[in-house]
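Shown next, in structure tokens, is the structure this report addresses.
The values are calculated or read from the model by the stated rules, or taken from the named source; none is laboratory data. Keep in mind that this is a model prediction, so the values were computed, not measured. As a convention, Cβ positions derive from the backbone with ideal geometry for all residues, glycine included, and neighbour counts pool all protein chains shown.
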Amino acid sequence: MANLGLDALLREFDDRRPRGLARAISWAESGRGAELIARLYPRIGRAMTIGLTGPPGVGKSTLSSALVKKARSLGKTVGVISVDPSSPFSHGALLGDRIRLTEHFVDPDVFIRSMASRGHLGGLSGATADAVMLMDAFGLDVVLIETVGVGQSEIEIAELARTTLVALQPGSGDSIQVLKAGIMEIADVFVVNKADHPMANQLRREIRSMMEMLSFTGWVPELAMTQAVTGDGIDDLWKAIESHVVYLHESGEIERKRREAFAHHVRQLALGRLQMQLDRRLAGNVRIDLDPYAATDELLAHFGSFDASEHLEAHAPTPALRPRAVVRGLTGHDA
Ligand SMILES: Nc1nc2c(ncn2[C@@H]2O[C@H](COP(=O)(O)OP(=O)(O)OP(=O)(O)O)[C@@H](O)[C@H]2O)c(=O)[nH]1
Ligand SMILES: [Mg+2]
């Protein structure tokens, strides 16, 4: 019986056996997490969740490793999830991440998990949100989610994590990207990593002057200079993370964050299910005797009452993240 498995798994959670957590995440990944999450849901909400995003090679995994070390030195237990948004299939691309985290492999209070975001519209998957929740319910104090910043994934990480770190690469023109890609909306802390790089100070100045052009409502992003390989600056980075957490609680923003993360989770799960059903129906009997719009109407009729005009609104960008910085002197959000 399925419930026998579930009860055994819950006992492993109670006994804080990492094997149980590993198994739980695998259940979630294969779409069997519903009952488990229902049982564990009352236990969540304690963990400090940190998202870490940035371009390939900026040093995210090295930073993760350094942050794990810092958290461990404070006696905190840590979970790390590295998500590969590019690869729908193998975990091979994550080899580099695993290598950089090896020093923590033998630590029973550090739980490391790699996930591909397969089958979930190319974004961070519902399974990733499940994994964060499961680690939280398991009692890990800190949950760190690392993902390469490509397209939507960094926006999604901001919806999932309470504190979002955006790592930037000196000498790469990243500061321009920051303004263009709406990173201002998501970065709670900027991390200029590779502080040993000759262009590191220039990047810091660029970010500072960019921030001076903006007026913020609420939290003003912090900026930390780090050298992840040596650990330089990690203490300051940790302080910045902690002050953001304090800000969230003191301002009451934490409630909005919770709601946002919840809505994100539900959206991911719903999208996953809808996509599966769509694919199944399309594979079965798509009506090629109809025009594509009529075929779409027919297809969607199976999902209840979709108004054909609804898709127009649905194409507007998701209003999940509120703008919080605007260029001084301008009204509206076209900055
Ligand atoms: N000089 C210097 N090199 C660093 C620093 N931090 C990381 N690196 C190096 O940068 C390279 C990439 O580091 P990773 O931690 O794998 O970067 P990443 O962002 O996780 O890379 P992907 O997961 O492939 O996107 C490695 O060779 C690191 O040793 C730093 O502070 N200074
Ligand atoms: Mg990495």
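Restricting attention to the stretch 202-216, the residues that are of a type in the set (A, V, I, L, M, F, W, C) and out of contact with any helix residue (DSSP H, G or I) (no Cβ under 7 Å at 6 or more places or on another chain) add up to 3.
Selection of the stretch 258-301 for residues being exposed (fewer than 14 other Cβ atoms within 10 Å of the Cβ), touching a residue at least 40 places away in the same chain (Cβ under 8 Å) and in contact with a Leu (Cβ under 8 Å, 6 or more places away or on another chain) yields only GLN275. What are the residue pairs meeting all of these: first residue in the stretch 48-67, first residue under 12 Å from THR226 (Cα atoms) and more than 8 Å from ligand 1 (Cβ to nearest atom), second residue hydrophobic (A, V, I, L, M, F, W, C) and in a helix (DSSP H, G or I), Cβ atoms under 7 Å, and 6 or more apart or on different chains? Qualifying pairs under 7 Å: ALA66/ILE234; LEU67/ILE234. The number of residues in the stretch 130-148 that are in contact with a Leu (Cβ under 9 Å, 6 or more places away or on another chain) and within 16 Å of ligand 1 (Cβ to nearest atom) comes to 4.
Meeting the requirement of 2 or more residues that are of a type outside the set (D, E, K, R), touching a strand residue (DSSP E or B) at 6+ places or on another chain (Cβ under 7 Å) and away from ligand 2 (no atom under 16 Å from the Cβ), the helices (runs of 4 or more DSSP H) wholly within the stretch 1-85 are 18-29.
Restricting the stretch 68-109 to residues that are modelled with pLDDT of 70 or more and of a type in the set (S, T, N, Q), the residue that is farthest from the chain's Cα centre (by Cα) is SER73. As a summary of the residue check, ALA167 satisfies the conditions (1) among the small types (Gly, Ala, Ser); (2) more than 10 Å from ligand 1 (Cβ to nearest atom); (3) surrounded by 15 or more Cβ atoms within 10 Å (Cβ to Cβ) except for the one numbered (2). Filtered by the rule that a residue be within 15 Å of THR163 (Cα to Cα) and not hydrophobic (A, V, I, L, M, F, W, C), the stretch 61-78 gives a lone residue, SER64. Exactly one residue out of ARG281, ARG259, ARG204 is within 16 Å of ligand 1 (Cβ to nearest atom) and basic (Lys, Arg): that is ARG204. Of the listed requirements (1) within 29 Å of LYS69 (Cα to Cα); (2) touching a helix residue (DSSP H, G or I) at 6+ places or on another chain (Cβ under 7 Å); (3) modelled with pLDDT under 95, GLY272 misses just one: (1).
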